[in-house]
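Everything below concerns the one structure shown next.
The values are calculated or read from the model by the stated rules, or taken from the named source; none is laboratory data. Remember, predicted model here, so these are calculated numbers, not experimental data. Ideal geometry is used to build each Cβ from the backbone, glycine not excepted, and the neighbour counts take in all protein chains shown.
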Amino acid sequence: MSRNCVVSLQRWALLCVVVCAATASAQELTPKSGALVAVDTGQTLWIAPVGGKMQVIALDDYVVPRKDGFWRVRLQFKSLAPDRGFRAIETELWAAPLNKGKNAVAWEEKAPTTEKQEGQTEEQQQSEPEIDSDELHHQELHFLSPDYISFYAQRGEDSETYSLLKISDGQLNEAALRVSEEKPPIPEAVKTRDMKACIDPKNELSTDDLLTYASDVSYGIRRGRGKWHYASMLGRIGYHTDCAVSVLPPKSLVAQSELFPDWKEIKDTYPDAEDAFSSPVHDLILIFYQNRLMVAPVQQGKIGKPLSRLEVNGKPVMVEWALGKYVDAWTHQLTPYFGVYQPKAKTSQ
């Protein structure tokens, strides 16, 4: 064999080693986590590694993972009769298993009844006409998980409240999910102290006066600075104010993962960051900023170069993580129903 052939073979072998090492390194640096991300525009994104690259697909609906599979869910609000000057809101959950298809109908809206209720006079019936609930209130979804949902609602100009609902299975052999009011596990002493700090910082009200406000306080869950927080609203006719809550929701409620790196490091690296979510195994981070989402690996405690940048036009209301073998399993289950991601404009509700 000639000397030129030997040199060529050596170069070829060296090139193969370099290429193989680079390929192995790239595969090793690719995060192994997948994130199911719901945005308050009404979209759900699935962000996961496929073939050594991060893939993003989406569905124009909210999708939550539960023990019996993935469900598409939506909230429906209905106004009830006025009570003590407030308009109550009845909440129903539209829910259908994802595997029934994108066009599945969980239930149809009932036509408004025109029959006179028992004990109601003709004059009362005429004075309480059917009211379009969309004209009565504005609602914003703030938090969504497999077991809970939280939102803000405004009824006309008279009432603003937060709500926290628990999601549970329907009756036996019923393809439905149900919601019920849930009281957040905040100690009464904490509620009293926080309410007093909010409405009576100058210590001018008596204990009895403070107690009269207690029934007008509502609680929910909101996102901010890398954590889920309680939201609290003191609402009376003509007077509403947000109040701080001095404790965080427990993991049993929000399943909150530790932010890694911490918020200070994220802000030092990306000053425009508004929120962030970290994979439980600390290999992937989602950073939200200025109606955009950046997906980046985390390597040796540092944020790596972005793998993807997306326009989102809204705020995150849910991030559920899949790890290990569940990443491929979720990809297999979601891909038939999700499609190419296109940002959806946020509409006022």
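In the set LYS202, LYS183, only one residue is in a loop (DSSP other than H, G, I, E, B), exposed (fewer than 12 other Cβ atoms within 10 Å of the Cβ) and modelled with pLDDT of 80 or more; that residue is LYS183. For the range 291-321, a residue qualifies if it is free of Cβ contacts under 8 Å to residues at least 24 places away in the same chain, not hydrophobic (A, V, I, L, M, F, W, C) and not in a loop (DSSP other than H, G, I, E, B), and the qualifying residues are ARG292, ARG309. The set of residues from the range 310-349 being charged (D, E, K, R) and under 23 Å from PRO280 (Cβ atoms) comprises LYS315, GLU320, LYS325, ASP328. Would you be able to say whether some residue in the range 38-59 is more than 29 Å from ARG72 (Cα to Cα), β-branched (Val, Ile, Thr) and either touching a helix residue (DSSP H, G or I) at 6+ places or on another chain (Cβ under 6 Å) or modelled with pLDDT of 50 or more (or both)? For the range 38-59, residues more than 29 Å from ARG72 (Cα to Cα), β-branched (Val, Ile, Thr) and either touching a helix residue (DSSP H, G or I) at 6+ places or on another chain (Cβ under 6 Å) or modelled with pLDDT of 50 or more (or both): absent.
Considering the range 243-275, and only residues there that are in a loop (DSSP other than H, G, I, E, B) and over 16 Å from LEU286 (Cα atoms), the residue that is nearest to the chain's Cα centre (by Cα) turns out to be ALA255.
A single member of LEU334, LEU293 is buried (at least 19 other Cβ atoms within 10 Å of the Cβ), at pLDDT 95 or above, more than 14 Å from THR30 (Cα to Cα) and more than 17 Å from the chain's Cα centre (by Cα), and it is LEU334.
Within the range 309-349, being closer than 22 Å to LYS102 by Cα and of a type in the set (Asp, Glu) holds for GLU320, ASP328.
Of all residues in the range 52-76, those being in a loop (DSSP other than H, G, I, E, B) and either of a type in the set (S, T, N, Q) or surrounded by 16 or more Cβ atoms within 10 Å (Cβ to Cβ) (or both) number 1.
Does the range 314-321 contain at least one residue that is of a type outside the set (S, T, N, Q), in contact with a Ser or Thr (Cβ under 9 Å, 6 or more places away or on another chain), surrounded by 15 or more Cβ atoms within 10 Å (Cβ to Cβ) and over 23 Å from TRP263 (Cα atoms)? No, the conditions are met nowhere in the range 314-321. Can PHE288 be described as under 18 Å from the mean Cα position of the chain (by Cα) and either outside any helix (DSSP H, G or I) or buried (at least 18 other Cβ atoms within 10 Å of the Cβ) (or both)? Against the criterion (under 18 Å from the mean Cα position of the chain (by Cα) and either outside any helix (DSSP H, G or I) or buried (at least 18 other Cβ atoms within 10 Å of the Cβ) (or both)), PHE288 qualifies. Return yes or no: is THR269 touching a Lys or Arg at 6+ places or on another chain (Cβ under 9 Å), of a type in the set (S, T, N, Q) and more than 27 Å from LEU164 (Cβ to Cβ)? Considered against the rule, which asks whether it is touching a Lys or Arg at 6+ places or on another chain (Cβ under 9 Å), of a type in the set (S, T, N, Q) and more than 27 Å from LEU164 (Cβ to Cβ), THR269 comes out as yes.
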